[in-house]
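Asks: Here's a structure for you.
The values are calculated or read from the model by the stated rules, or taken from the named source; none is laboratory data. No experiment lies behind these values; they were computed from the predicted model shown. Backbone-built Cβ (ideal geometry, glycine too); neighbour counts: all protein chains shown. Calculation scope for accessible area: heavy atoms of the full protein, side chains included, ligands and nucleic acids excluded. Shrake-Rupley method; radii C 1.70, N 1.55, O 1.52, S 1.80 Å.
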Amino acid sequence: MTEQLQIYTPNAFPDQCYEAGLLLGNIAFIEKIWDQAIFGYAQAIAAVETSRTWATSETRRQEILEESIDIYHKMVQACINAGQIDKALEYVERSRSKRLVDLMASKDLYQSSEIPQAVQEFLQQYESLQKQIDNFRSQKNFGSDRELLGVGNRNRAALEADNEIIAALEAEKQQVWEKLRQLDPVVAGEIQVSPPKLTAMQQLIDQPTTAILSFYSTEEDTHIFVLRQNQISLHTCGGEGQENLQAWIREKWLMSYVSDRQTWESQITSILSELAKRLQLSNFISQHLQGIAELILVPHLLLHQIPFAALPIEENKYLSDKFLLRHIPSCQILEFCQQRGKLETLHTNSLQYGTVEDATNDLPFASFEGEQIASLHLIPDQRRLKGKTQATLHNYRQLAQQVQVLHSCHHAQSRLDHPLESQLKLGDGSITLGQLMSPSWRLPNLFDVFLSCCETNLGNPSLTDDILTLSTGFLCTGARSVVSTLWSVNDLATALFSIFYYQQRKEGKSHPEALRQAQIKLRESKKEYLIDELIKLSKQAEYKRKEARNQRKQYPVDSPEYLECDREYRKYAGVMLEITKLKNNTEKFPFAYPHFWAAFTCQGLR
């Protein structure tokens with residue numbers, strides 16, 4: 001088989017290389033000959049990735065990876081068994097989120113006029129070279145049954161000569177790809193895998209007190225790779241693999257949320273406590289995270305849906321109390337964020353802010369939220385889309401192109417069955433995730449996005465660990481950082497959280513620090529404090545409710561002026577109603593339960 005792999009190379013004979021490499025890897029794995037297993041699986045994986053670059057559709061590329069995902073699992077386990085933890089992590093990253101990277105600039109969604117001319121030329125060169133390879137292989141009848149049986153007219157020397165021709169074409173194609181990557185790394189990532197290296201991942205860590213935690217569930221175990229600037233370690237949760245841990249999360253967390261929201265909400269604390277035990281969280285922290293203050297979390301499969309901030313580490317103390325937390329779909333996605341323009345060097349208070357508020361006129365505290373944020377950051381009315389008539393599809397897109405910080409407080413919905421149909425709901429329609437993934441939605445000046453809406457980071461990861469959500473959609477458009485939600489959130493609690501968050505940002509706090517402080521303040525705010533704060537609002541709301549009611553009388557029913565006054569009236573009436581509910585709440589800390597504060601996550605850059 002080793003001799004076969006010298007002839008059936010990944011570039012020239014990917015199908016045959018895949019079969020031979022897989023067979024060699026499996027035999028060696030059973031015999032515990034780890035170096036041989038790693039060699040065989042490496043050849044098979046290289047063949048898979050070659051096949052992906054040759055596929056003509058995004059769907060087929062995804063199918064190729066899904067069909068072979070078990071090889072990555074075996075490769076990771078073989079590397080761990082051989083003590084090669086660094087190589088194991090490289091293959092973990094190599095396997096995840098490929099569809100998300102693809103969709104960041106899917107050619108199927110490109111309109112030719114939107115591709116820069118230089119990028120078009122390199123794409124054409126790349127495709128032309130691939131056609132030459134395909135035509136040459138076809139002429140030589142590569143991969144036929146006769147060739148495999150060794151009864152063809154061509155001998156080994158001829159095969160090796162043909163291999164050299166293909167290798168030369170592949171090398172030329174690689175040069176074109178490198179030039180394309182310099183111009184447009186997103187498009188380059190879409191057409192060809194760029195295998196991640198440990199050193200590149202470590203360069204994403206800019207402080208010695210920061211660590212990347214990369215989770216990976218094989219069939220039997222869940223591994224947590226701990227990557228620091230100059231070292232790597234591994235924590236293994238034995239017996240907590242896909243057949244146990246991941247299946248348990250799907251049943252207890254995701255399916256419970258979908259089928260019985262009330263029961264799910266009542267069980268959040270107990271489920272997270274059980275998960276912390278399964279991950280051996282206390283021991284893991286003491287053994288691997290000494291001297292660490294910030295965690296960059298790279299979850300795997302259903303762990304993407306877990307609010308890590310609310311995982312208990314001791315009595316009345318959560319993971320977010322000890323560490324700053326950021327989430328990323330993969331290290332490659334974080335690298336994309338870092339490669340974007342240096343907007344992050346701008347001071348927070350010099351950025352242009354824009355808000356989209358209560359787009360369907362039925363979330364009273366979304367309007368209040370927008371007003372408070374606008375007051376805090378001096379956002380002019382022309383950069384505030386208020387209500388159904390202003391928060392339209394056209395205006396939303398136009399605003400997103402004008403500002404560096406975009407705050408959306410309105411309805412949104414995740415579609416677990418059809419992720420690309422997840423949508424932000426606006427006054428005259430919806431923006432879908434599929435549209436956000438389109439290159440026409442590239443927003444290179446967008447620094448920070450806050451999706452103060454329901455379910456904007458709720459998703460059902462595929463076998464290849466692609467998590468397609470509205471949040472990751474905005475990372476694809478150009479955002480450096482996105483704050484989003486894992487479930488359906490409370491209107492009042494979300495408004496308060498958002499205000500607390502922006503107060504922290506105004507003081508110069510980083511995204512994860514502002515998020516942590518906002519979560520702590522929301523959950524630790526006493527009822528009396530909140531009521532005192534809202535009394536000022538209630539007086540203002542009552543005055544504006546009466547004012548809107550009186551103004552409404554001056555206009556014909558159903559006229560634009562009447563409808564706008566009616567929107568204002570209903571908004572402030574809703575505010576008064578929610579304040580009354582809060583006053584009648586019997587809890588000392590009304591928003592202490594994780595359901596109110598733990599849904600919010602920060603993705604991307606610090």
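Asks: Got at least one residue in the range 241-264 being more than 17 Å from Leu463 (Cα to Cα) and in contact with a strand residue (DSSP E or B) (Cβ under 7 Å, 6 or more places away or on another chain)?
Replies: The answer is no, given that none of the residues of the range 241-264 is more than 17 Å from Leu463 (Cα to Cα) and in contact with a strand residue (DSSP E or B) (Cβ under 7 Å, 6 or more places away or on another chain).
Asks: Do any residues in the range 38-56 that are modelled with pLDDT under 85 have Cβ atoms under 8 Å from those of residues that are of a type in the set (A, V, I, L, M) and outside any helix (DSSP H, G or I), where the two are at least six apart or on different chains, and which pairs are they?
Replies: Glu49/Val193; Arg52/Val193; Thr53/Val193
Asks: Which count do you get for residues in the range 23-45 that are among the acidic types (Asp, Glu) and either surrounded by 19 or more Cβ atoms within 10 Å (Cβ to Cβ) or assigned to a helix (DSSP H, G or I) (or both)? Can you show your working first?
Replies: The first filter runs over the range 23-45 and keeps only residues among the acidic types (Asp, Glu), leaving 31, 35.
Next cut, either surrounded by 19 or more Cβ atoms within 10 Å (Cβ to Cβ) or assigned to a helix (DSSP H, G or I) (or both) only: 35.
Total meeting the criteria: 1.
Asks: Could I ask something else about it? Considering every residue within the range 472-481, establish whether at least one is more than 30 Å from Arg94 (Cβ to Cβ) and outside any loop (DSSP other than H, G, I, E, B). Can you show your working first?
Replies: So in the range 472-481, the residues more than 30 Å from Arg94 (Cβ to Cβ) come out as none.
Taking every residue of the range 472-481 in turn, none turns out to be more than 30 Å from Arg94 (Cβ to Cβ) and outside any loop (DSSP other than H, G, I, E, B).
Asks: Could you figure out which of (1) out of contact with any Cys (no Cβ under 9 Å at 6 or more places or on another chain); (2) modelled with pLDDT of 75 or more; (3) open to solvent by less than 10 Å² (accessible area, probe 1.4 Å) isn't true of Ala188?
Replies: The one condition Ala188 does not meet is (2).
Asks: Looking at the range 514-526, can you tell me whether even one residue there is touching a strand residue (DSSP E or B) at 6+ places or on another chain (Cβ under 9 Å) and either more than 26 Å from Ile579 (Cα to Cα) or open to solvent by 30 Å² or more (accessible area, probe 1.4 Å) (or both)?
Replies: Yes, some residue in the range 514-526 is touching a strand residue (DSSP E or B) at 6+ places or on another chain (Cβ under 9 Å) and either more than 26 Å from Ile579 (Cα to Cα) or open to solvent by 30 Å² or more (accessible area, probe 1.4 Å) (or both).
Asks: Just need a number here: residues in the range 460-503 that are β-branched (Val, Ile, Thr) and more than 18 Å from the chain's Cα centre (by Cα).
Replies: Taking the range 460-503 as the starting set, the residues that turn out to be β-branched (Val, Ile, Thr) are 464, 467, 469, 472, 477, 482-483, 485, 489, 494, 499.
Checking the rest, the ones that are also more than 18 Å from the chain's Cα centre (by Cα) come to 489, 494, 499.
So the answer is 3.
Asks: Something else: Note down all Cβ pairs under 8 Å where the first residue falls in the range 118-129 and is under 15 Å from Leu169 (Cβ atoms), the second is modelled with pLDDT of 70 or more, and they're at least six residues apart or on different chains.
Replies: What qualifies is Gln125/Val176; Tyr126/Lys173; Tyr126/Val176; Leu129/Leu169; Leu129/Glu172; Leu129/Lys173; Leu129/Val176.
Asks: Given the criteria surrounded by fewer than 19 Cβ atoms within 10 Å (Cβ to Cβ) and modelled with pLDDT under 90, does Asn316 qualify? Quick ask: steps written out before the conclusion?
Replies: Values: surrounded by fewer than 19 Cβ atoms within 10 Å (Cβ to Cβ): yes; modelled with pLDDT under 90: yes.
Spelling it out, Asn316 is indeed surrounded by fewer than 19 Cβ atoms within 10 Å (Cβ to Cβ) and modelled with pLDDT under 90.
Asks: Please give the number of the condition Ala541 fails out of (1) at pLDDT 75 or above; (2) of a type in the set (A, V, I, L, M, F, W, C); (3) open to solvent by less than 10 Å² (accessible area, probe 1.4 Å).
Replies: Answer for Ala541: the failing condition is (1).
Asks: Also, quick follow-up: Among the numbered conditions (1) hydroxyl-bearing (Ser, Thr, Tyr); (2) surrounded by 24 or more Cβ atoms within 10 Å (Cβ to Cβ); (3) under 22 Å from Arg96 (Cα atoms), tell me where Thr477 comes up short.
Replies: Here Thr477 clears every test but (2).
Asks: If you check every pair at least six apart or on different chains, which have Cβ atoms under 7 Å apart with a residue in the range 443-459 that is within 15 Å of His407 (Cα to Cα) first and a residue that is surrounded by 24 or more Cβ atoms within 10 Å (Cβ to Cβ) and among the aromatic types (Phe, Trp, Tyr) second?
Replies: Short answer, once both residue conditions are applied: Val449/Phe474.
Asks: For the subset of the range 428-462 comprising residues that are in contact with a Gly (Cβ under 8 Å, 6 or more places away or on another chain) and open to solvent by 30 Å² or more (accessible area, probe 1.4 Å), which member is farthest from His300 (Cα to Cα)?
Replies: Asn445
Asks: Okay, next question. Given the residues Lys87, Lys98, which is the only one that is under 30 Å from Gln231 (Cβ atoms), in contact with a Lys or Arg (Cβ under 9 Å, 6 or more places away or on another chain) and either open to solvent by 20 Å² or more (accessible area, probe 1.4 Å) or at pLDDT below 80 (or both)?
Replies: Numbers: Lys87 fails: in contact with a Lys or Arg (Cβ under 9 Å, 6 or more places away or on another chain).
None of the other options fit; the residue is Lys98.
Asks: Have a look at Thr222, Thr209, Thr199 and point out the one that is surrounded by 17 or more Cβ atoms within 10 Å (Cβ to Cβ), modelled with pLDDT of 75 or more, within 19 Å of Val298 (Cα to Cα) and of a type in the set (Ser, Thr, Tyr).
Replies: Just one listed residue meets the conditions, Thr222.
Asks: If you don't mind, another one. Scan Phe591, Phe596 and give me the residue that is open to solvent by 20 Å² or more (accessible area, probe 1.4 Å) and either within 21 Å of Ala366 (Cβ to Cβ) or in a helix (DSSP H, G or I) (or both).
Replies: Working: Phe591 fails: open to solvent by 20 Å² or more (accessible area, probe 1.4 Å).
Phe596 is the lone residue from the list that is open to solvent by 20 Å² or more (accessible area, probe 1.4 Å) and either within 21 Å of Ala366 (Cβ to Cβ) or in a helix (DSSP H, G or I) (or both).
Asks: Would you be able to tell me the number of residues in the range 254-271 that are without any contact (Cβ under 8 Å) to a residue 40 or more places away in the chain and open to solvent by 60 Å² or more (accessible area, probe 1.4 Å)?
Replies: Let us first name the residues in the range 254-271 that are without any contact (Cβ under 8 Å) to a residue 40 or more places away in the chain, namely 255-256, 259-260, 262-264, 266-267, 270-271.
Cutting the leftovers down to open to solvent by 60 Å² or more (accessible area, probe 1.4 Å) gives us 255, 259-260, 262, 266-267, 270.
Of the residues in the range 254-271, 7 are without any contact (Cβ under 8 Å) to a residue 40 or more places away in the chain and open to solvent by 60 Å² or more (accessible area, probe 1.4 Å).
Asks: Additional query: Please indicate, with yes or no, whether at least one residue in the range 566-585 is more than 30 Å from the chain's Cα centre (by Cα), open to solvent by 70 Å² or more (accessible area, probe 1.4 Å) and of a type in the set (Asp, Glu).
Replies: Checked against the condition, which is being more than 30 Å from the chain's Cα centre (by Cα), open to solvent by 70 Å² or more (accessible area, probe 1.4 Å) and of a type in the set (Asp, Glu), the range 566-585 yields no hits at all.
Asks: For the range 228-243, how many residues meet the condition of being charged (D, E, K, R) and either farther than 18 Å from Gln84 by Cα or over 24 Å from the mean Cα position of the chain (by Cα) (or both)?
Replies: Going through the range 228-243, the residues charged (D, E, K, R) turn out to be 228, 240, 243.
Add one more test, that the residue is either farther than 18 Å from Gln84 by Cα or over 24 Å from the mean Cα position of the chain (by Cα) (or both), and what stays is 240, 243.
Qualifying residue count for the region: 2.
Asks: To continue, here is another question. Considering only residues that are part of a loop (DSSP other than H, G, I, E, B) and either small (Gly, Ala, Ser) or surrounded by 18 or more Cβ atoms within 10 Å (Cβ to Cβ) (or both), which ones fall in the range 225-236?
Replies: Quick first cut of the range 225-236, residues part of a loop (DSSP other than H, G, I, E, B) only: 228-231.
Arg228, the sole residue that qualifies.
Asks: Let me ask something additional. Give me the residue from the range 372-397 that is open to solvent by less than 40 Å² (accessible area, probe 1.4 Å) and not in a loop (DSSP other than H, G, I, E, B) and, out of that set, modelled with the lowest pLDDT.
Replies: Going through the qualifying residues, I end up with Gly387.
Asks: Which one of Ser286, Ser330 is open to solvent by 20 Å² or more (accessible area, probe 1.4 Å), closer than 29 Å to Glu219 by Cβ and not acidic (Asp, Glu)?
Replies: Ser286 is the lone residue from the list that is open to solvent by 20 Å² or more (accessible area, probe 1.4 Å), closer than 29 Å to Glu219 by Cβ and not acidic (Asp, Glu).
Asks: Moving on. Count, please, the residues in the range 398-419 that happen to be open to solvent by less than 40 Å² (accessible area, probe 1.4 Å) and touching a strand residue (DSSP E or B) at 6+ places or on another chain (Cβ under 8 Å). If you could, list the steps in order and put the result at the bottom.
Replies: Step one: filter the range 398-419 for residues open to solvent by less than 40 Å² (accessible area, probe 1.4 Å), giving 399-400, 403-410, 412, 414, 419.
From what is left, the residues that are touching a strand residue (DSSP E or B) at 6+ places or on another chain (Cβ under 8 Å) are 399-400, 403-410, 412.
Here the count works out to 11.
Asks: Still on this structure, I have one more. Does Lys425 qualify as being open to solvent by 20 Å² or more (accessible area, probe 1.4 Å) and touching a residue at least 60 places away in the same chain (Cβ under 8 Å)? Quick ask: steps written out before the conclusion?
Replies: Numbers: open to solvent by 20 Å² or more (accessible area, probe 1.4 Å): yes; touching a residue at least 60 places away in the same chain (Cβ under 8 Å): yes.
Yes, satisfied.
Asks: Just to be sure I understand the filter: pairs with C-beta atoms under 8 Å, separated by 6 or more residues or on different chains, first member in the range 242-253 and polar (S, T, N, Q), second member modelled with pLDDT under 90 and surrounded by fewer than 17 Cβ atoms within 10 Å (Cβ to Cβ). Which pairs pass?
Replies: Gln242/Glu219
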